[in-house]
Amino acid sequence: MGGLQVPLEHVQILAAILFSMGMLGLMLRRNIIFMLMSLEVMLNAAALAFIAAGARWGHADGQVIFLLILSVAAAEVAVGLGLVLQVQRHFKTLDMDAARRLRG
Amino acid sequence: MSLIALVPALPLFSAALMLVTAGKLPRLLVACLGAGSIALAAVCVAMIASSLLADDTVQTQTLWTWFAVGGFEPGVSFYIDGLTVVMMSVITGVGFLIHLYSIEFMWEDRSFSRYFAYMNLFVAAMLVLVMADNLLLLYLGWEGVGLCSYLLVGFWYQDPANGRAARKAFVVTRIGDTAMAIGLFLLLAELGTLDIQALMQAADATWQVGDALPTIAALLLLGGAVGKSAQLPLHTWLPDAMAGPTPVSALIHAATMVTAGVYLIARTHELFLLSPLALNTVAWVGVLTLLLAAFAALAQQDIKRILAYSTISQIGYMFLALGVGAFASGVFHLVTHAFFKALLFLAAGAVIHCLHHQHNIFRMGGLRSRLPLVFWVFLIGAAALAALPFTSGFYSKDAILLSAWEANRWLWAGGLLGALLTGIYSFRLIFVVFFGQAHTEPDRQPGWQMSLPLALLAVLSLVGGALALPLSGVFPTLASHPLNHSIEIIGIAVPLVGVAVAYLLYQGRQLPAERLVTAGPGKDLQSFWRRGWGMDALYQALWVSPYTALANLLRHEPVDSIYNLVVRACRWGHQGFAAAQNGALRWYATTMAFALIVVVALVLRGEV
Amino acid sequence: MTVWLFYIASVIALSATGLALTRSNAAHALIYLIVSLLAVAVLFFLMGAPFAAALEIVIYAGAIMVLFVFVIMMLNLGQEGEERERQWLSPRFWVVPGIMTALLLLELLLALRGSEALTSGFAVSPKEVGLALFGPYVLAVEIASMLLLAGLVGAYHLGRRFLVRGGQH
């Protein structure tokens, strides 16, 4: 089966809006979990843009990049959530503004 | 021949020894060393003098070349002619007597050894000054005596007032020293040498009478002389310098250091003769100073301050003599003044010593019967000071007045008025201290170390007028004038009138002078004269206060604040930037977003 | 008709993301995010990238988001956590982020306008993707595997102390 022919511009605009929303969430939320979620949203938006670009030309490159983005997101989430656990243990809170100072 | 170098070397060595041992030597040894070195130096001077007078030649000795730079090679060398021998004799002779006197005067002082070290150092420096054959070595001696004056005036440094007096002396004379140094630079630059004999010949050869350059050089040297000899306008330090021990006042501020200025002008008289303006300035400086100081001496209460102002006044006479060209008379007056002023200071010291450190003459009185020796020597000294007939002072002052009459009637009139005032204030001193009611009883009598110098100096003050100084080869002889008898008679009479005035004002139980000064213009006049014609206050307002105000202004180092500005700017920048590193994750995210916006905008700029 | 599907899925993705980012309860937000990811997977499929769509669902929504769910459950934020989040979402915190987001969006929209291109309309099969991966992009694959290894080790190390109650390590 084939795909659709949609104007590339629309897809990119969608990706742009999703990316901006992710950035808004990153700047707005204080809880680390939500910040990580916003990061995921941003990554996803970038992936969407790549897939659209690949679909424009009909090459596999877009999906290859998507795969790489996916692996980056996976690694980042794994390590990030480990850090969240440590933060919760040391600071007893998930508020990122509490973890401002280096010790020593 | 080698005796010449020994003369300053002996006191110098003694001073060095005492400074190095710093009070560890026993007192008797210090006294013998201190006075003995001067005595030996005096003996050497006598031998040099006798050989000089016998041959009527000039003796020189060169020790070594000080330095050699660009053709200028001053040596540490000495030049002994008649003038030098006269000065050396005064320094070592009167100096020895004062050292002997000091042994008893300072016997109970804690810093006995330091005193004699400084005194010997002073004598060594003064000898170098008068024996130097080039102006640079003379300047070395000049600075040396200035240093010793500072050290000795501030001898009892535990009292800060003494330190202030010493600093005042040093700073005021320093102003004169700087003028003199500039004069030396000028002479060296113009004439290429500072060797005195060569300098004088070169000056005669290069310059005409009335040229600008010799005038400037002579006025600069005069500046130095005025500072060291405490003449107008740099005289304010001498009355305050009485804070030092009395023998110091006798030696430094009566007999020797303050005469260094007179010696300088006498030594470089050819230069001054090339500039009538400078000579005239010397004479007028002398006259004005002698009058100002004489009026001030009339109003003082401290016995030493009276004598200090008297010294300023008498040196004014010497300057007057130099200024009218009577160089030999000026030097003659220097010698007789050394005798009677040293005598007066030592006698005053005896009075102070025996009255447990009383300085105010109105608290003394009636000492004629209580301290008879002191009274008689003081009387002789005061008579010489007032130039009563047949004292040494009479001959020297008379000669000066005669020369002044020939030169300028106004100068003569000033000198005459000064003689009147001298008579008044010196006999005021006698009458108040030695006659009348005794307010303080003496608690001891002076011992032999104090009495012997007093007696010897008294003898010298009486017969010193008969001395024929060997100055004929040194100074040009003045045209001999016919003796003007009426001037002579006036000159004899005036001091006697002064004595009579003093008798009328200050004799008796109630001093008639009291009525004059307790009310009205007399009171204001007296306090004005007592403050030295307000010159201290004038200088304070004119120079000292602005200077200290400026120093206070700069105390917080405003210039540094420019550099501090750099520091502050850096700190401010640092704190500004450090605020951006606050560790808050959201803040970092926001700044990254902002940077992203900026970068995208820049990239899009070309393409939109 | 399938074109409308595209726009519907877009709307769902947008609104789900918007909701996800503004919830106070973490679990709710997470569910909305999963919905958003599913919508994006539909978009991928519609554009002719079935392999990417499958991966989006399986890995992104199926592994990564589930990981999030586990951690949230472990952290056990509770009611007061929700209260706090609501406080932190009061309007005055929206100003600066809102302005910056608007600016960025404006710039991106400006950059993106005016292109006439269309997507190709045919699907790119997984076989092509695999050939590309093991062909020109093999190095990237290896590096990605290194990255995942690093992530694995890091996560293991960071998570370990938390599980040991009582601390000494």
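Nothing in this text is a laboratory measurement; each read-out follows from the coordinates by a stated rule. This is a predicted model, so every value here is computed, not measured. Note: ideal-geometry Cβ built from the backbone for every residue, glycine included; neighbour counts use all protein chains shown.
Judged by the ratio a/c of the largest to the smallest principal axis of the C-alpha gyration tensor, the range B:100-246 counts as prolate, that ratio being 1.5 or greater while a/b is larger than b/c. Counting pairs of alpha carbon atoms under 8 Å apart in space and at least six apart in sequence, what relative contact order in percent does chain B give? Result for chain B is 12 percent.
Stretched out straight at 0.36 nm per residue, the stretch from B:Ser111 to B:Tyr588 would grow longer than its current Cα-Cα span by 164.1 nm. Once the Cα atoms are used to define both axes, helix B:135-153 deviates from the longest principal axis of chain B by about 90 degrees. To the nearest 10 degrees, how steep is helix B:409-434 against the longest Cα principal axis of chain B, on a 0 to 90 scale? Approximately 80 degrees, to the nearest ten.
Across the range B:109-215, Cα pairs under 8 Å and at least six residues apart give a relative contact order of 21 percent.
Peptide packing: for A:55-65, A:16-26, the average count of neighbouring Cβ atoms within 10 Å per residue gives the ranking A:16-26, A:55-65, highest mean first. Among the helices of chain C, those built from whole DSSP H runs whose Cα atoms reach 20 Å or more along their own axis and whose mean Kyte-Doolittle hydropathy is at least 0.0 are C:2-21, C:26-47, C:95-112, C:138-163. With neighbours defined as other Cβ atoms within 10 Å of a residue's Cβ, the residues B:Leu184, B:Leu138, B:Leu602 order from fewest to most as B:Leu602, B:Leu184, B:Leu138. As a proxy for reagent exposure, B:Tyr115, B:Tyr317 were ordered by neighbouring Cβ count within 10 angstrom, fewest first; the result is B:Tyr115, B:Tyr317. For a paramagnetic label modelled on C:His157 (point 7 Å from Cα along Cα→Cβ), amide N atoms under 17 Å away belong, within the range A:69-99, to A:75-87.
For chain B, the longest principal axis of the Cα atoms and the long axis of helix B:372-385 meet at an angle of about 80 degrees.
Given axes a ≥ b ≥ c from the Cα gyration tensor, I'd like to know whether the range C:30-158 is rounded (a/c under 1.5), prolate (a/b larger than b/c) or oblate. Oblate, since a/c reaches 1.5 and b/c is not below a/b. Remark: mean inter-chain Cβ contacts per residue of B:314-323 equal 0, using a 10 Å Cβ-Cβ cutoff to other protein chain atoms.
Taking the average, over residues, of other Cβ atoms within 10 Å as the packing measure, peptides B:440-447, C:63-70 rank C:63-70, B:440-447 from highest down. Comparing A:Ala15, A:Ala75, A:Ala52 in a Gaussian network model of chain A, where Cα atoms under 10 Å apart are tied by springs, the biggest mean-square fluctuation is seen for A:Ala75.
3J(HN,Hα) along the range B:243-250, derived from phi through the Karplus expression 6.51 cos²θ - 1.76 cosθ + 1.60 where θ = phi - 60°, amounts to 5, x, x, 4, x, 4, 4, 5 Hz, with x in place of Gly and Pro.
Modelled spin labels at B:Val497 and B:Asp204, positioned 7 Å past Cα toward Cβ, are 4.2 nm from each other. Too long at a 28 Å Cα-Cα cut-off: which of B:Lys228/B:Lys397; B:Lys24/B:Lys228; B:Lys304/B:Lys523; B:Lys24/B:Lys341? With Cα atoms farther than 28 Å apart: B:Lys24/B:Lys228; B:Lys24/B:Lys341.
Taken residue by residue and averaged, Cβ atoms of other chains lying within 10 Å of the Cβ of B:571-583 number 1. The label point for C:Ala140 and the one for C:Glu82, both projected 7 Å from the Cα toward the Cβ, are 4.3 nm apart. Stretching the chain fully between B:Glu73 and B:Gln507 yields a gain of 150.0 nm (0.36 nm per residue, less the alpha carbon separation). Ranked by how many other Cβ atoms sit within 10 Å of their own Cβ, fewest first, the residues B:Phe170, B:Phe185, B:Phe319, C:Phe44 fall in the order B:Phe185, B:Phe170, C:Phe44, B:Phe319. Annotation: amide H of B:Val76 within the under-5 Å range of B:Leu63, B:Trp64, B:Thr65, B:Trp66, sequence separation 5 or more or interchain, hydrogens built in the peptide plane. Under 8 Å for C-alpha pairs, at least 6 residues apart: give me the relative contact order for the range C:47-169, rounded to a whole percent. That works out to 50 percent.
Which shape class, rounded, prolate or oblate, goes with the range B:234-324 when its Cα gyration tensor gives a ≥ b ≥ c as root eigenvalues, a/c under 1.5 marks rounded, and past that a/b bigger than b/c marks prolate? Judged from the Cα gyration tensor, the range B:234-324 comes out oblate (a/c at least 1.5, b/c at or above a/b).
At an R0 of 30 angstrom, the distance between the Cβ atoms of B:Leu553 and B:Phe577 translates into a FRET efficiency of 0.25.
For peptide C:25-38, the mean count of partner chain Cβ atoms within 10 Å of a residue's Cβ comes to 2. Only helical runs count toward this figure. For chain A, summing -39,500 (n - 2.57) over DSSP H runs of n ≥ 4 and dividing by all residues gives -26500 deg cm²/dmol at 222 nm. Taking the range B:255-293 and a reference point 7 angstrom along Cα→Cβ of B:Asp211, the backbone N atoms nearer than 18 Å belong to B:268-279.
What you get for the protein assembly as shown, charging only the Cβ of Lys and Arg (+1) and of Asp and Glu (-1), is a dipole of about 2700 debye around the Cα centre.
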